[in-house]
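What follows is a short report on a single structure.
The values are calculated or read from the model by the stated rules, or taken from the named source; none is laboratory data. Worth saying up front: this structure is predicted, and the values here are computed from it rather than measured. Here the Cβ positions follow ideal geometry from the backbone for every residue, glycine too, while neighbour counts run over all protein chains shown. Accessible surface areas use protein heavy atoms only, side chains included; no ligands, DNA or RNA. Shrake-Rupley method; radii C 1.70, N 1.55, O 1.52, S 1.80 Å.
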Amino acid sequence: MKSKTPKTTHRALLKWMGKMVEMCRPEWVHWCDGTQAEADRLFAEMVKRGTAIKLNPKKRPNSYLFRSDPRDVARVEKRTFICSHSKDDAGPTNNWEEPRAMRHKLKELFAGCMKGRTMYVIPFSMGPVGSPLAQIGVQVTDSPYVVVNMRIMARVGNQVLKVLGEHGFFVPCLHSVGRPLPPGEKDVAWPCNPENTYIAHFPEERTIVSFGSGYGGNALLGKKCLALRIASCMARDGGWLAEHMLITGVRNPEGEKTYVAAAFPSACGKTNFAMLIPPKEMKGWKVTTVGDDIAWIKPDAEGRLFAINPENGFFGVAPGTSRQTNRNAMESCRKDTIFTNVALTDDGDVWWEGMTPKPPKHLIDWLGQDWTPDCGRVSSHPNSRFTAPLVNCPCLDSEVDNLAGVPIKAFVFGGRRMHDIPLVYQAFTWSQGVYMGATMGSEQTAAAEGKVGVVRQDPMAMLPFCGYHMADYFRHWLKVGKNLEERPRIFHVNWFRKNEKGEFLWPGYGQNMRVLRWIVERANVRAFAKESAIGWLPRYQDLDWRGLDFSKEQWDELMAMDRERTKTLTLAHEELFIRLFDHLPKEMIFERELLLSRL
Ligand code: OXD
Ligand code: MN
């Protein structure tokens with residue numbers, strides 16, 4: 001086994017590494033330094049092996065296309081486990097496995113699993129290196145695809161080892177695609193092991209072990225595994241919040257900036273909202289992006305909340321992204337980007353459904369087959385992705401690397417709801433806001449698991465990402481709020497309401513700025529609202545309508561609330577609450593009773 005000398009004297013790290021090498025039996029060990037030269041070398045090797053395609057540098061500089069195994073295309077929630085000592089700690093919304101039993105199973109799978117392959121060691125920081133809000137992880141993986149993605153999504157390399165020092169805390173993250181390579185055997189383009197996939201979290205030990213998948217959140221362990229599932233447990237124990245939230249800065253014409261964190265379930269246009277471009281008539285308003293997926297939020301000594309984006313890149317869904325829907329995302333992936341499962345154009349660029357109104361005449365689709373517009377198939381997988389560095393984003397917020405984070409003034413919860421839920425409303429109190437987040441839901445789209453159109457309850461968009469009992473998570477939110485000197489205001493939005501003909505009532509995208517303006521002005525106690533049974537509502541005249549022809553009648557339809565239907569919806573919240581009943585904070589029951597009595 002060949003290995004360069006690691007740039008660390010961290011005893012526990014070296015000891016753990018020794019154990020991993022002994023178990024996985026790689027051919028080589030490579031400590032990643034995160035440099036461009038290292039990435040170039042890995043890309044070149046992957047191109048040579050037929051795993052990656054270098055895109056035309058004139059069209060897409062420094063960018064590559066990968067096609068995964070068709071059986072390995074998304075996060076697999078069924079194979080994701082929280083292995084806490086007690087099943088009760090994982091709660092009824094997580095898959096649980098007894099930690100010793102899981103370790104035993106994994107040990108068997110990992111024995112010799114890297115034979116014939118290189119073991120890469122990736123020291124990474126989630127959050128700006130050295131920030132008191134950041135956390136360090138070390139991922140061991142046999143996937144060079146994971147290395148080049150992690151290099152974009154996290155801060156990687158020797159500067160992380162330096163901060164880690166000799167005794168610093170890190171989260172060990174073990175990953176293998178689960179396909180040893182016997183001598184003389186030719187490798188496949190995308191090795192994986194779907195029959196034996198496990199994404200296992202050990203919250204008490206703060207460790208992650210993932211086997212069998214090379215895709216997205218299953219394999220880039222800093223993202224959903226560390227920054228949400230493990231971090232949610234760290235946050236519970238440390239009095240902070242690890243959330244599935246985007247962070248944006250909203251600057252008003254006077255130059256004052258207000259930061260907002262927003263939680264939406266997958267497939268609700270989170271990246272679009274994070275990079276929103278205000279209508280040009282709303283002169284002087286600007287939105288800047290801190291993050292599009294995850295927020296770590298901590299109270300400071302004065303009882304104000306400050307947030308960082310633990311990530312360093314965007315892992316965005318490609319289909320539907322265009323210059324019209326999200327110009328900033330298109331700019332972000334113009335160069336230095338890794339594309340996965342999108343189509344290849346004849347001139348060596350990429351294309352996906354929705355990128356342009358008219359598709360190219362010919363493509364090679366995500367399966368590597370010829371594709372024409374009339375072939376009856378989509379060219380790109382619905383969950384195809386771009387991995388792009390934050391620094392490429394034209395509207396990146398100036399404070400994204402601020403070690404102290406940015407102050408959060410408002411939380412927004414939202415979902416995809418065709419009926420009943422108004423465009424926007426504000427909770428009366430923090431505890432009502434927690435109830436609002438706890439009871440939010442979204443209608444399923446084709447990209448997600450489950451039945452299309454059915455509302456999936458997804459508390460605070462954390463259902464697949466909370467590393468402990470969901471009801472304890474609500475309790476934690478209530479507790480954090482109690483200790484705050486300045487509580488951010490909490491809002492609910494729904495961009496997706498339709499009329500009886502099935503047409504959207506709200507234009508969405510950049511027009512959401514009108515709602516966002518009201519939200520930040522409410523958060524700064526400057527805008528008017530009227531009281532209603534469900535919370536504070538803007539009146540028609542409370543929104544900025546410059547440049548949009550939207551009538552009072554349209555507004556009334558969009559904001560309408562039917563008392564009887566709302567009561568029925570509220571009673572339907574029971575379903576989740578019954579599942580969580582033995583841990584449910586009493587505030588959740590009281591809030592529901594209050595809401596019902598107001599209705
Ligand atoms: C994501 C998700 O990929 O939430 O960000 O599923
Ligand atoms: Mn997400």
Query - Gained length - residue 564 relative to residue 418, 0.36 nm times residue gap less alpha-carbon distance - result: 50.9 nm
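Averaged per residue, what accessible area in Å² does the chain show with a 1.4 Å probe, protein chains only?
With the other protein chains kept in place, the chain gives 41 Å² per residue.
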**Report entry** Solvent-accessible area, 1.4 Å probe, carbon plus sulfur percent, for the stretch 347-475
**Finding:** 58 percent
Report task. First check a/c for the stretch 290-406, with a ≥ b ≥ c the square roots of the eigenvalues of its C-alpha gyration tensor; if it is under 1.5, answer rounded, and if not, answer prolate when a/b is larger than b/c or oblate otherwise. Result -> prolate
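Please label the shape of the chain as rounded, prolate or oblate, based on the square roots a ≥ b ≥ c of the eigenvalues of the alpha-carbon gyration tensor (a/c under 1.5 means rounded; beyond that, a/b larger than b/c means prolate, else oblate).
Prolate, since a/c reaches 1.5 and a/b exceeds b/c.
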Report summary line: Each label sits 7 Å from Cα toward the beta-carbon; between residue 111 and residue 586 the label points are separated, in nm, by 5.3 nm
Report task. May I ask you to order 500-511, 215-226 by the average number of other C-beta atoms within 10 Å around their residues, highest value first? Result -> 215-226, 500-511
Query - Cross-link partners of residue 280 among lysines (Cα-Cα below 19 Å; sequence separation of 8 or more within a chain) - result: 257
Report task. Could you please state how large a percent of the accessible area of the stretch 192-333 is carbon and sulfur, counting protein chains only and using a 1.4 Å probe? Result -> 47 percent
**Report entry** Candidate aspartates and glutamates - alpha carbon under 14 Å from residue 586, same-chain residues fewer than 8 apart omitted
**Finding:** 472, 574
Query - the stretch 1-155 - percent of accessible surface contributed by carbon and sulfur, probe 1.4 Å - result: 53 percent
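Can you order the peptides 360-368, 104-112 by their average number of other Cβ atoms within 10 Å per residue, highest first?
Working: 360-368: 17.1, 104-112: 14.4.
Output ranking for 360-368, 104-112: 360-368, 104-112.
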Query raised in the report: What residues qualify as long-range amide H neighbours of residue 207, i.e. H under 5 Å apart, gap of 5 or more or another chain, H built at 1.01 Å from N?
Result: 202
Report summary line: Per the Cα gyration tensor, the stretch 42-140 corresponds to an equivalent ellipsoid with semi-axes, largest first in Å, of 33, 21, 16
